[in-house]
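Everything below concerns the one structure shown next.
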Amino acid sequence: MSEDQTVPKEPLSVRERGKQRRRIRIKETARTVFLELGYEAATTREIADRADVSQGTLFAYAPTKSELLLMIINDDLEVLRADKFGSDALTRPLIDILMDFAKRDMDYWAQYPEMARQARREVGVVLLGRPSGPEAVRYAAWKPTLLNALAAIVREKQGAGFLRSAVSAELVSELWWAIYNQNLHNWLMSDQPNVAQGLSQLRNLLQLAIAGIQPFSATTLPTAH
């Protein structure tokens, strides 16, 4: 078999297709209920009734309300962040790569600010090392995934001379995460998060950080690669 050929996937069985459709129905019903009633007021019984399943069936897909919330967000992020920071990292300025990522994220979170706040509270349990469900663990896994992807981009740019090679790529990634995560937290705390304002604040912070890791002379301002 040649390298460009792929093994076709086995078609799902009738049973598996039924489970897949049921999962989607439960997930989208939960999204509707969370948006209509708010996370705190929503109940798993209400979600199960509207999805036309028993609570036992619902719990087979998500054992708690928080796991149900995170299942919605995780599935959305799998699509939203499919290419992480993009495939053209070396040819684009680092600030543009990071801001494009932030805009996609913030456009999404602006649709569901209450769900976003609750998700961040839930993932805090994982980071503290307390027992958590699979969806909470899945959500928390985004941090190392993104840090590793960004570190690889930084190393490429260091090799091309766009960034100082003496700076640890992993440290640069951690700095980005600290800035992005705190900015996102502050932005989500407003009653109606404004994407343009959040992005403007983030760009100012990132430009300052990137200027500190670029090679430039005392008489030449750095370009944002």
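The values are calculated or read from the model by the stated rules, or taken from the named source; none is laboratory data. Just so it is clear, the model here is predicted, and its values are computed rather than measured. When we count neighbours, we look across all protein chains shown, and the Cβ atoms used for this are built from the backbone with ideal geometry, even at glycine.
Here segment 1-53 is the region considered, the condition is being over 29 Å from Gln111 (Cα atoms) and polar (S, T, N, Q), and the residue that is modelled with the highest pLDDT is Ser13. Counting only helices (runs of 4 or more DSSP H) that sit completely within segment 49-162, those holding 3 or more residues that are within 26 Å of Glu36 (Cβ to Cβ) correspond to 55-61, 65-80, 94-111, 113-127, 134-140. For segment 208-225, the set of residues classified as closer than 15 Å to Val172 by Cβ and either at pLDDT below 90 or surrounded by 16 or more Cβ atoms within 10 Å (Cβ to Cβ) (or both) consists of Ala209, Ile210, Ala211, Gly212, Ile213, Gln214, Pro215, Pro222, Ala224, His225, listed by residue number.
Yes/no matrix, rows are residues, columns are (1) modelled with pLDDT under 95; (2) basic (Lys, Arg); (3) closer than 17 Å to Asn186 by Cα:
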{"residue": "Met71", "(1), (2), (3)": "no, no, no"}
{"residue": "Phe85", "(1), (2), (3)": "yes, no, no"}
{"residue": "Glu114", "(1), (2), (3)": "yes, no, yes"}
{"residue": "Gln118", "(1), (2), (3)": "yes, no, yes"}
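Condition check: surrounded by fewer than 17 Cβ atoms within 10 Å (Cβ to Cβ), more than 30 Å from Gln214 (Cβ to Cβ), in contact (Cβ under 8 Å) with a residue 60 or more places away in the chain and of a type in the set (Ser, Thr, Tyr). Does Thr57 satisfy that? So Thr57 does not fit the description; no.
Here are some residues: Lys157, Lys103. Which one is surrounded by fewer than 16 Cβ atoms within 10 Å (Cβ to Cβ), among the basic types (Lys, Arg) and in contact (Cβ under 8 Å) with a residue 12 or more places away in the chain?
So the residue among Lys157, Lys103 that is surrounded by fewer than 16 Cβ atoms within 10 Å (Cβ to Cβ), among the basic types (Lys, Arg) and in contact (Cβ under 8 Å) with a residue 12 or more places away in the chain is Lys103.
For segment 168-207, a residue qualifies if it is more than 25 Å from Pro144 (Cβ to Cβ), among the hydroxyl-bearing types (Ser, Thr, Tyr) and modelled with pLDDT of 95 or more, and exactly one does: Ser200.
Name the single residue that is nearest to Ala119 (Cα to Cα) among those in segment 160-189 being among the aliphatic types (A, V, I, L, M) and touching a Leu at 6+ places or on another chain (Cβ under 7 Å).
The qualifying residue nearest to Ala119 (Cα to Cα) is Ile179.
Out of the residues in segment 29-47 that are free of Cβ contacts under 8 Å to residues at least 12 places away in the same chain and part of a helix (DSSP H, G or I), which is surrounded by the most Cβ atoms within 10 Å (Cβ to Cβ)? The extreme case among them is Leu37. Scanning segment 188-201 for residues that are closer than 16 Å to Phe101 by Cα and in contact (Cβ under 8 Å) with a residue 12 or more places away in the chain gives Val195, Gly198, Leu199, Gln201. Number of residues in segment 175-213 that are more than 15 Å from Leu94 (Cα to Cα) and among the charged types (D, E, K, R): the value is 1. Inspect segment 122-144 for any residue being at pLDDT 95 or above, farther than 30 Å from Ile213 by Cβ, of a type outside the set (S, T, N, Q) and surrounded by fewer than 19 Cβ atoms within 10 Å (Cβ to Cβ) and give the result as yes or no. No, segment 122-144 has no match at all.
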